[in-house]
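Working notes, beginning with the structure itself.
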Amino acid sequence: MKPEDLLRHPLPTQTPKLTLGCPILDRFLGGGIPCDTITEIFAESGTGKTQLSLQLLLAAQLPISRGGLSASSLYLHSEFPFPSRRLHQLSFYRPHLPQNPLDRIFVEPLHSTDHLLDVLPRLDFLVPKLNIKLIVIDSIAALFRGEYENTPLELKRRSGVFFKISSKLKFLAREFGLAVVLTNQVVDVMGSSNNLRIGNSMSLCSSGRTVCAALGLSWANCVNMRLFMWREEEKVGMSEEERLGEGDGSFQRLQTRRFIRVVFAPHLPDSSCEFVIRREGILGVS
Amino acid sequence: MEVSSLPISASHRGKLISAGYSSLSSLSSVSPSKLAQDLKISENEVLKILKVVSARKGGHRKNTLRVDISPPLQSGIPFGVPVPPSPFGCFRLPSLVPSGPTRLRIVGQPFSPAITRAQTAWDILHEEESSICITTSCSDLDEILGGGIRCKEVTEIDTEGSFMVERASQIAEACAEDMLEYNSLLRKDSQACRVDKPPKAFMDNIFYFRICTYTEQIAVVNYLEKFINEHKDIKIVIIDSITFHFRQEFEDMALRTRLLSGMALKLMKLAKKFNLAVVLLNQVTTKYNEGSFQLTLALGDSWAHASTNRIILYWNGNERYAYIDKSPSMRSASAPYAVTSRGIRNSASNCKRVKLM
């Protein structure tokens, strides 16, 4: 390796992007999930992170003309079980996929951070051999949350591990032009802690709670792009009886609405978009 | 054109040029109140501009006395005398008189070719005043920085990020459009100042290194000297997250400190040798202090000595602010700014005055 090899000149005109499978969501993300960067999606449980990751695993196999990467994907999961049935169902509804799409999705369960640190060096060799262009880790938070105590020394050690993992993932992303997608969980924000404000994580609300991403400030420095998904319970329009005052008022119809938002990204403004989860997968709503 | 090289904010420069004041002599003959009227700014700001102008003019005055010993001897130290204090209150320090045969020479101009290696404080002041400032495109930020990012110094900014080509070309297009608009404000006979670059020309002039480990980072910093020798036009080096690779578990913290200080010295040397601006980006971390967590800058206290200027970017409510934490010539101040699709611009809030701390 010579320093001259690290120079990229002239610059490419566009970063390749992986489509999400829906034109509205692609427009919201400026083309899709960018390659050569680490994207993090964080949300409360049950909002749709795993659904979106499954959708991306299939989208990676689409030909490049349709926004895919024409390659296999790797799914590292720390939350069990692996949703194979849902993946199979999704593959029926995705048009233009090659034959046997499930053959091109490689799955590896993760048990701890040490296990992840063992798996990552093996990818140097596996990624080119299996033609992998997308790595999804679902979820990174679950790996860390059981292992480290809440003392300053342990937290410092934990930060060191964040940077190690992120550095290795960024190396793989650069070396092989991969898109890396991580999912994260949320933690509640107590009170107004002005001194620990993590950048622009102001009023992020999910189901009425004020939340922010798990794993803290150091981890926020490790990812390039962060997306936040949330849901809100909304009362649907009242029925005839309730309007006339005859209904008993206890039977309220609630509807869940889901949104996705860019928390930070180098190339996107702060914007949000509504989406729904259907049988075919996640679709944006304009 | 002399006005265009003054270290004042870009908006004031634009107003001066569009009002017809393109040379320093035209400014010396006008009264402050008339200038305030012509430029439609407050008298305070006019006085500030005129102060900068007189400092600049003072440097070129023919009757500045300077006594120096020529030719410079081995020690190369000239003998200087205090001159009448400039607006900055700086005067040259008398230094050692070398022994042996000497020849006194009185020179009229500050920049004497006889003084090659050693510099007095006066020389450095004039070089600093005439050095190029790279504008941040946000006049409030330029104001607190004293014109912009100075070449020949290391400016550190705390933030995080990564490079996306689409965003760079978006900003390049916006910059090219702004330059075209600026051109229309210039007078017709000022061809030298026209900036007519298409966005692609901006992108071709960005040299981009992508590094993934700390050894690569050190290798590239070592390689920069050779690289800049080959590409003489480089005027600014930006390292986005100098900290990222150093925050992994370094068993030997002493090694980390040595590597970082070595890198800082090399960058300082580069900045001086090639007259470049070096901008380093750092991260913010939490420090456990007496039972509570506080925000502090990454890489520790030893890194604080590495840079000449330090700017901290922070959020205040919903607004972004930049605060000068450390600077040899500008006072501590903070200014709001906003990130728009065209890049960094002035914040559109009501409270636009620069807050002095």
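The values are calculated or read from the model by the stated rules, or taken from the named source; none is laboratory data. The structure displayed is predicted, hence computed values, not measured ones. In this analysis, Cβ positions are derived from the backbone assuming ideal geometry, glycine residues included, and neighbour counts consider all displayed protein chains.
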Inset, instruction - Please name all residue pairs, on different chains or six or more residues apart, with Cβ atoms under 9 Å, provided the first residue is in the stretch A:68-95 and is more than 21 Å from A:Ile277 (Cα to Cα) and the second residue is of a type in the set (Lys, Arg) and part of a helix (DSSP H, G or I). - result: A:Ala71/A:Arg104; A:Ser72/A:Arg104; A:Ser73/A:Arg104
Legend entry - Single unsatisfied condition, B:Gln37 versus (1) out of contact with any Phe, Trp or Tyr (no Cβ under 8 Å at 6 or more places or on another chain); (2) modelled with pLDDT under 75: (2)
Inset, instruction - Return the only residue of A:Lys156, A:Lys133 being at pLDDT below 85 and either more than 9 Å from chain B (Cβ to nearest Cβ) or over 20 Å from the mean Cα position of the chain (by Cα) (or both). - result: A:Lys156
Legend entry - Search result, residues across the stretch A:116-129 that are over 14 Å from A:Ser73 (Cα atoms), loosely packed, with under 15 Cβ neighbours inside 10 Å and in contact with a helix residue (DSSP H, G or I) (Cβ under 8 Å, 6 or more places away or on another chain): A:Leu117, A:Pro121, A:Asp124
Inset, instruction - Check the stretch A:59-69 and report whether any residue there is among the basic types (Lys, Arg) and in contact with a strand residue (DSSP E or B) (Cβ under 8 Å, 6 or more places away or on another chain). - result: no
Inset, instruction - Hey, can you tell me all the residues within the stretch B:215-258 that are part of a helix (DSSP H, G or I) and either within 20 Å of A:Arg158 (Cα to Cα) or modelled with pLDDT under 80 (or both)? - result: B:Phe244, B:His245, B:Phe246, B:Met253, B:Arg256
Inset, instruction - Can you tell me which residue within the stretch A:159-181, out of those that are at the interface with chain B (Cβ under 7 Å from one of its Cβ atoms) and aromatic (Phe, Trp, Tyr), is farthest from A:Phe144 (Cα to Cα)? - result: A:Phe171
Inset, instruction - Answer with yes or no whether B:Met268 is modelled with pLDDT of 80 or more, under 30 Å from A:Glu154 (Cα atoms) and within 26 Å of the chain's Cα centre (by Cα). - result: no
Inset, instruction - Can you give me the number of residues within the stretch B:195-227 that are under 28 Å from B:Asp178 (Cβ atoms) and touching a Leu at 6+ places or on another chain (Cβ under 9 Å)? - result: 8
Inset, instruction - Specify the residue that is nearest to B:Lys287 (Cα to Cα); the eligible residues are those in the stretch A:203-222 that are of a type in the set (A, V, I, L, M) and outside any helix (DSSP H, G or I). - result: A:Leu215
Legend entry - Near pairs, Cβ below 7 angstrom, 6+ apart or cross-chain, from the stretch B:248-275 (more than 14 Å from chain A (Cβ to nearest Cβ) and surrounded by fewer than 18 Cβ atoms within 10 Å (Cβ to Cβ)) to any residue that is basic (Lys, Arg) and not in a helix (DSSP H, G or I): B:Lys272/B:Lys152; B:Asn275/B:Lys152
Inset, instruction - Kindly indicate whether any position in the stretch A:130-141 is out of contact with any strand residue (DSSP E or B) (no Cβ under 7 Å at 6 or more places or on another chain) and surrounded by fewer than 20 Cβ atoms within 10 Å (Cβ to Cβ). - result: no
